[in-house]
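Notes for the one structure printed next.
The values are calculated or read from the model by the stated rules, or taken from the named source; none is laboratory data. What you see is a predicted model, and the numbers here were worked out from it, not measured in a lab. Cβ placement follows ideal geometry from the backbone for every residue including glycine, while neighbour counts extend to all protein chains displayed.
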Amino acid sequence: MLEFWVLITFTAALFQTWRTALQQRLRAELSVNAAGFVRYFYGVPTGFLLVAVAYHYTAQALPPLSLRFLALCAAGGLMQIFGTSLLIMAFGYRNFAVGTAYSKTEAAQGAVLAWIILDEVLTPLSISGIAVGVVGVLVLSIGGRGLKPHDIVAATFQPAALCGLAAGFFFANATVFIKDAILMLPGQGIVPRALFTLLVTNVLQSVMLGAWIAMREPDQLLASFRTWRTSALVGALSSLGSGCWFTGFAMAPIALVRAVGQVEMIFTLAFSRFYLKERMRAADVAGLVLIVGGVLLVLAGR
């Protein structure tokens, strides 16, 4: 039987793919920053609801807000803002599925950061699974042009790849800060603490990014309110997905959660083909097979 963190990671991947696909559609009406802003701002109401239900169900009082907790949430939220903006920028250079694939190197980057900062150690089989998954990402990023050294170098230094790799780096940093914030909270149960951390982080992200847009792109701030129908759904899906991710991070090593979360590529390619009407190539299928194989190795080495 699959462990709970694995099931909740699958759920997080599904919500995230759905949210990112809708966010891509918003890019026709919103700037990169505004498309990221709606994810956080419109996620706050759902976050409030999730926290209210979780703490009512467990009959716990809300935890106090310490300066260290707020600093960790702010740092994690800022890293996530940078990562989200870079990922949306990557979509502008290549298609939705490949843009997402570039950011999946986060699993490998997160493994290194979590080992250095949180002292999370993985088994050799899990490390092998992460490596196989990264190869799958590489196959997707090459886009069927070949795996010769000069092809790899050319693909790695194209704008979409650089944006995606940078997005993965910031996402990996965000997960380390977020996990530290969740684990320092008092109270019983991982889920309530994860959801409370999500709510506080979303509020801080809304303030930080909202203030930036108000100063630099005031017209886009107004546009984000005009698109409230789609934006509200993006925010709700983001909050649900992030709630699952945060819970998974608190229950298992970050690298394993992110590696298993690469099943998102299955959902991503499905959305890419059937929702966004983008073509799927043989290289996409090969990369997908490698990613799934990597996930299986990670689970076997758990």
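Quick one: which of Val234, Val191 is touching a Lys or Arg at 6+ places or on another chain (Cβ under 6 Å) and either more than 29 Å from Ala59 (Cβ to Cβ) or of a type in the set (Val, Ile, Thr) (or both)?
Val234
Counting only residues that are surrounded by 13 or more Cβ atoms within 10 Å (Cβ to Cβ) and over 10 Å from Ala255 (Cα atoms), how many does the range 105-125 have? If you could, list the steps in order and put the result at the bottom.
The first filter runs over the range 105-125 and keeps only residues surrounded by 13 or more Cβ atoms within 10 Å (Cβ to Cβ), leaving 105-111, 113-115, 117-118, 120, 122-123, 125.
The next check asks that each one be over 10 Å from Ala255 (Cα atoms); those that pass are 105, 117-118, 123, 125.
Result for the range 105-125: 5.
Here is a check on your reading of the model: is Gly133 surrounded by 18 or more Cβ atoms within 10 Å (Cβ to Cβ), over 27 Å from Gly189 (Cα atoms), modelled with pLDDT of 75 or more and within 22 Å of the chain's Cα centre (by Cα)? Give the derivation first.
Numbers: surrounded by 18 or more Cβ atoms within 10 Å (Cβ to Cβ): yes; over 27 Å from Gly189 (Cα atoms): yes; modelled with pLDDT of 75 or more: yes; within 22 Å of the chain's Cα centre (by Cα): yes.
Yes: the conditions hold for Gly133.
Hey, among the residues in the range 33-46 that are crowded, with 21+ Cβ neighbours inside 10 Å and hydrophobic (A, V, I, L, M, F, W, C), which one's farthest from Arg258 (Cα to Cα)?
Of all residues in the range 33-46, those crowded, with 21+ Cβ neighbours inside 10 Å come to 34-43, 46.
If we keep only those that are hydrophobic (A, V, I, L, M, F, W, C) as well, we get 34-35, 37-38, 41.
Values: Ala34: 26, Ala35: 23, Phe37: 23, Val38: 24, Phe41: 24 Å.
This residue is Ala34.
Does Leu30 fit the bill of being more than 19 Å from the chain's Cα centre (by Cα), within 29 Å of Leu269 (Cα to Cα), touching a residue at least 24 places away in the same chain (Cβ under 8 Å) and buried (at least 22 other Cβ atoms within 10 Å of the Cβ)?
Working: more than 19 Å from the chain's Cα centre (by Cα): yes; within 29 Å of Leu269 (Cα to Cα): yes; touching a residue at least 24 places away in the same chain (Cβ under 8 Å): yes; buried (at least 22 other Cβ atoms within 10 Å of the Cβ): yes.
Yes.
Being farther than 22 Å from Val137 by Cβ, at pLDDT 80 or above, crowded, with 19+ Cβ neighbours inside 10 Å and not hydroxyl-bearing (Ser, Thr, Tyr) narrows it down to one of Leu72, Leu22, Leu49, Leu7, so name that one.
Within the list Leu72, Leu22, Leu49, Leu7, the selection yields Leu72.
Read through the list (1) assigned to a helix (DSSP H, G or I); (2) closer than 22 Å to Ser224 by Cβ, then give the number of the only condition that Glu29 fails.
(1)
Which residues, taken from the range 1-24, are over 18 Å from the mean Cα position of the chain (by Cα) and assigned to a helix (DSSP H, G or I)? Steps first, please.
Residues of the range 1-24 that are over 18 Å from the mean Cα position of the chain (by Cα), as a first pass: 1-4.
Residue satisfying the conditions is Phe4 alone.
Out of the helices (runs of 4 or more DSSP H) lying entirely within the range 170-280, which hold 2 or more residues that are among the polar types (S, T, N, Q) and at pLDDT 85 or above?
Numbers: elements: 190-216, 218-226, 228-251, 254-260, 264-270.
Those helices (runs of 4 or more DSSP H) span 190-216, 218-226, 228-251.
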